[in-house]
Amino acid sequence: MTGTKKLTGERKLEILFAAFVLGIWIFWAYILPYNEGPDEHMRSLIVKYMIEYGKLPTGYQPEILDPMWGFTYGFRPILPQMAEALLVRIALFFTREEFALLFAGRMASVLCGLVYLIYVRGISRRLFGRQDIQWLFTLLAVCMPGAGFLFTYLNCDSMALMAGAMIVFYLLKGREDSFSVSTCVKLAVSLSVCILSYYNAYGFLITGALVFLGFFWERGRQGVKCQAEFWKKGLLILGMVLLLAGWWFVRNYVLYDGDFLGLKTQDLCAEQYAIDRLKPSNRQTYRNLGLSMWDMLVRSNWVYCVVQSFIGVLGPLWYMLNKWVYIGYGAVFLAGCAGSMQKLTGRIRKMSPKERKADLAELFWHLGMLAAVLVPNILNFWYSYATDYQAQGRYSMPMLLPFLYYVVRGLENWIALGEKKWGGKMRKVSALAVRCLCGAICIVFLGCITNVMWPAYKDVENKMDGVVYTEEEIRNRLEGVI
């Protein structure tokens, strides 16, 4: 037919990949019993409250209070639960079956995963030249078991990952089109979604500010008159973010006597209503025991557990993967980080003093990426040290994309060095190695269903008879297994 746009081979591959990943996510969401994803029970209480009462809960609502821990997630941003409640409300027109409604709510996480995948592909094209390297970045970002699991049950992590991908994409696009008004509006929406999803993802707010500042600062250094443009577009982004996301913190300020984040009030609630041993003042944290952060870092297995569960410990942190999966991912991460460090040090050594005058746009890009890596890990570490010892990689998951940026950049550097030394034959070898690695990632991801989740849950008759695990049970199990 004339005028019909033919699909390229690359586009066909993307569609096939999207179908493959969506199929796994949807099947995973279907076979997973209730509360077999961490914190799903407490998140589902918020969804049920909004469905029943047609309004947002406050953090004080007894209907969403956990009787052991004595607090609710109503003190924190709940945009993910609002999206889940909307899908459940739609499903209510067709069914009242309990698990069907839970499955409908889980589709919010699946849809976040689809949007995330689309933005990751866009990011990969802008960051890497070779198609095989683009696909390696995509597969690492989408198919790592720990990340993939987050797109299958009720949580806030899936939306945070999606928002992070959107922010990175529009920052890259802004550097291409000088932050057009359209890009600024989309960036503001992305930042707002991030703010209303998950506190641990707030490193991306720093990323956005740094990249935006660095871009216009560098333009100014090059003689472009852009001060007015910087303020105009910066205030546009800030104004939209305040409009779209600020209402939540104003609401908290009014409800909780000036506690706009809600965290202090949450701790006061837990101190009052939690069982004695789980009150914030009685929890066996390193800080409460009078030990230092260094003690926790060197005496505990916190780092090891976080890294392992970041790669993937499935279900309610019950189900381990084959040890070679952890070794393989660990080797890729180490090789990539080493490659990035080698590239940085080699570049600095070769620079003349005149060349060492930094490109501020590039410098602030890297500072922003590093902020997005460091902030969730610092918050994760501090939470375990001061509030509740939980060595869980999902709390560090918002760093995934910027972390993988440096991992894949490092691997790309090793490949370039090998090709420079050994020529065209090395290019064929490296291309084959990258394709094999991509295939291995897909096999591992599929194995999460065929070898782990399906055997664990295939005999469950009533998926709503899930056990309500306590965080202590999860922590003890995780530490015991690892």
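Yes or no, residue by residue, for (1) assigned to a helix (DSSP H, G or I); (2) within 21 Å of the chain's Cα centre (by Cα):
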position	(1), (2)
VAL298	yes, no
VAL303	yes, yes
VAL306	yes, yes
SER309	yes, yes
PRO316	no, yes
VAL332	yes, yes
ALA338	yes, no
ARG347	yes, no
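Let me spell it out: the conditions are (1) open to solvent by 20 Å² or more (accessible area, probe 1.4 Å); (2) in contact with a helix residue (DSSP H, G or I) (Cβ under 6 Å, 6 or more places away or on another chain); (3) over 30 Å from ALA104 (Cα atoms), and MET166 meets all of them except one. Which number is the exception?
(3)
Do we find that GLY336 is free of Cβ contacts under 8 Å to residues at least 12 places away in the same chain and open to solvent by less than 30 Å² (accessible area, probe 1.4 Å) in this structure?
When the stated conditions are applied, GLY336 does not pass them.
Residues in the stretch 40-48: is at least one open to solvent by 10 Å² or more (accessible area, probe 1.4 Å) and in contact with a Ser or Thr (Cβ under 9 Å, 6 or more places away or on another chain)?
yes
What number of residues within the stretch 28-43 are in a helix (DSSP H, G or I), aliphatic (A, V, I, L, M) and farther than 21 Å from SER197 by Cα?
1
Inside the stretch 50-76, can you point out the residues that are open to solvent by 10 Å² or more (accessible area, probe 1.4 Å), touching a residue at least 12 places away in the same chain (Cβ under 8 Å) and either closer than 13 Å to ASN155 by Cα or hydroxyl-bearing (Ser, Thr, Tyr) (or both)?
Selection gives THR58, TYR60, TYR73, ARG76.
Please list, ordered by residue number, the helices (runs of 4 or more DSSP H) wholly in the stretch 85-202 having 3 or more residues that are of a type outside the set (Asp, Glu) and in contact with a Ser or Thr (Cβ under 7 Å, 6 or more places away or on another chain).
98-127, 131-143, 157-177
Within the group GLY424, GLY368, which residue is more than 18 Å from MET144 (Cβ to Cβ), modelled with pLDDT under 90 and small (Gly, Ala, Ser)?
Residue meeting the stated conditions: GLY424.
Name the single residue that is nearest to the chain's Cα centre (by Cα) among those in the stretch 199-224 being β-branched (Val, Ile, Thr) and open to solvent by 20 Å² or more (accessible area, probe 1.4 Å).
ILE206
Report, by residue number, each residue of the stretch 165-193 that is under 17 Å from LEU401 (Cβ atoms) and more than 21 Å from the chain's Cα centre (by Cα).
Correct list: GLY174, ARG175.
Have a look at ASN301, ASN322 and point out the one that is open to solvent by 70 Å² or more (accessible area, probe 1.4 Å) and of a type in the set (S, T, N, Q).
ASN322
Which one is nearest to the chain's Cα centre (by Cα), of the residues in the stretch 272-286 that are surrounded by fewer than 15 Cβ atoms within 10 Å (Cβ to Cβ) and touching a residue at least 40 places away in the same chain (Cβ under 8 Å)?
GLN284
Residues are listed down the side, and each one gets a yes or a no for (1) open to solvent by 10 Å² or more (accessible area, probe 1.4 Å); (2) not hydroxyl-bearing (Ser, Thr, Tyr):
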residue	(1), (2)
LEU370	yes, yes
TYR383	yes, no
MET397	no, yes
LEU400	no, yes
GLY410	no, yes
TRP422	yes, yes
ARG427	yes, yes
ALA440	yes, yes
CYS448	no, yes
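The values are calculated or read from the model by the stated rules, or taken from the named source; none is laboratory data. Everything numeric in this text was worked out from a predicted model, so none of it was measured. No Cβ is skipped: glycine too gets one built from the backbone with ideal geometry, and neighbour counts run over all protein chains shown. What goes into the accessible areas is simple: the full protein's heavy atoms, side chains included, and nothing from ligands, DNA or RNA. Shrake-Rupley method; radii C 1.70, N 1.55, O 1.52, S 1.80 Å.
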